[in-house]
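Data block below; observations after.
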Amino acid sequence: MGHDVSKNDENHYDGGVMKVVQSLKTDTAENGADTPALRLFALVELIAAKDRHVSLQGLVEQTGLPKPTVHRMLQQLETAGLLQREGDGRHYSSGVRLRRLAENLLLNSTHHGARHSVLRRLVEEVGESCNLTALSGSEVIYLDRVETAAPLRFYLHPGSRVPAHCSASGKIFLAQMSPAQRQRLLAHATLERYTANTVTDLEGLERELRRVRADGFALDDEEFLPGLLCIAVAVPAQTPRSSLCVAIQAPVMRANAETAKRWLPALQRAAQALSTIDADAPPARGARKQA
């Protein structure tokens, strides 16, 4: 965690997506592979893999498709709400509908049962509520959650959203970004104050994120909700940046920062178990053909 995506890593991933785009230019009609829908899907895949906005000309160069064709595809995707055009009118990024699709896929993952079991075991071990999260824009979305049986608890159901700048999981996600990515994200997000402990200035947040990168975990010590403590770690991933976090939450009446740090071994074991679930998932049928 905490490493920027290298140019080689980026090119390697883009190359895999580009094979899909280029393959759609070939005559594969006999397999039903060369369809307008799949071409659009491949373009969405390429754009979604980027950590920056893309331009029409850049996509033309990367796909090798004719400029009028790419322009028409972008218009179709923008009209459908899958892409959105940025303020300069020349760059595109993922649209609201595409982001909602990604969130729903994560919320209703076929591995939900296995992931839920990991969270349940973690709750049994530490005695506090645990959740699995992902980043959605400048917010953290709860994908799954298991509540403690203790009478005093904070109830946050799957689908709940919390700000990235003052949540433990959010700090993990922010700390993994490159400075340019983080600047783009935070430039359009208000660092709102929720409690007396909320960090609301960029310089202070950057200091906190440096600590997160060095420590490998993040704390929310009453920064979002008064009386709530949270500790989070990233779920190890095959890419330099993790797309998931696992966290433990507890009322400050039962835990403090030192207590939370003692939960780290259990939290890290859970993160590794969640990572193994994703690694063991069978590849999609189309991915097997590409391999």
Unmet criterion (only one of (1) surrounded by 13 or more Cβ atoms within 10 Å (Cβ to Cβ); (2) at pLDDT below 85; (3) under 27 Å from Val235 (Cα atoms)) for Gly113: (1)
Leading residue by the ranking (modelled with the lowest pLDDT) among those in segment 222-241 that are small (Gly, Ala, Ser) and surrounded by fewer than 24 Cβ atoms within 10 Å (Cβ to Cβ): Ala237
Residues (in a loop (DSSP other than H, G, I, E, B) and on the phi < 0 side of the Ramachandran plot) located in segment 156-172: Leu156, His157, Pro158, Ser160, Ala164, His165, Cys166, Ser167
Count of residues meeting criterion [without any contact (Cβ under 8 Å) to a residue 24 or more places away in the chain and aromatic (Phe, Trp, Tyr)] in segment 153-172: 1
Any hit, segment 119-128, residues being modelled with pLDDT under 90 and either charged (D, E, K, R) or closer than 20 Å to Ala237 by Cα (or both): no
Hits in segment 37-68 - residues which are of a type in the set (Val, Ile, Thr), buried (at least 17 other Cβ atoms within 10 Å of the Cβ) and closer than 14 Å to His91 by Cβ: Ile47, Val54
Out of Leu219, Leu244, sole residue that is of a type in the set (A, V, I, L, M, F, W, C), at pLDDT 95 or above and crowded, with 16+ Cβ neighbours inside 10 Å: Leu219
Qualifying position, being modelled with pLDDT under 85 and farther than 30 Å from Ala271 by Cβ, among Arg97, Arg72: Arg97
Selection status of Glu206, farther than 16 Å from Ser129 by Cα and loosely packed, with under 14 Cβ neighbours inside 10 Å: no
Selection within segment 47-73 - closer than 22 Å to Arg184 by Cα and part of a helix (DSSP H, G or I): Ile47, Ala48, Leu56, Gln57, Gly58, Leu59
Selected residue [surrounded by fewer than 16 Cβ atoms within 10 Å (Cβ to Cβ), among the hydrophobic types (A, V, I, L, M, F, W, C), touching a residue at least 40 places away in the same chain (Cβ under 8 Å) and in a helix (DSSP H, G or I)] from Ala189, Ala180, Ala175, Ala150: Ala180
Residue, farthest from the chain's Cα centre (by Cα), within segment 127-140, restricted to residues that are surrounded by fewer than 21 Cβ atoms within 10 Å (Cβ to Cβ) and not charged (D, E, K, R): Gly127
Unique residue being in contact with a helix residue (DSSP H, G or I) (Cβ under 9 Å, 6 or more places away or on another chain) and in the same structural domain as Leu186 (by TED's automatic domain parsing) when the list is Ala150, Ala80, Ala134: Ala134
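The values are calculated or read from the model by the stated rules, or taken from the named source; none is laboratory data. Predicted model only: the values in this text are computed from it and were never measured. Every residue, glycine as well, gets a Cβ built from its backbone with ideal geometry; the counts of neighbours run over all protein chains shown.
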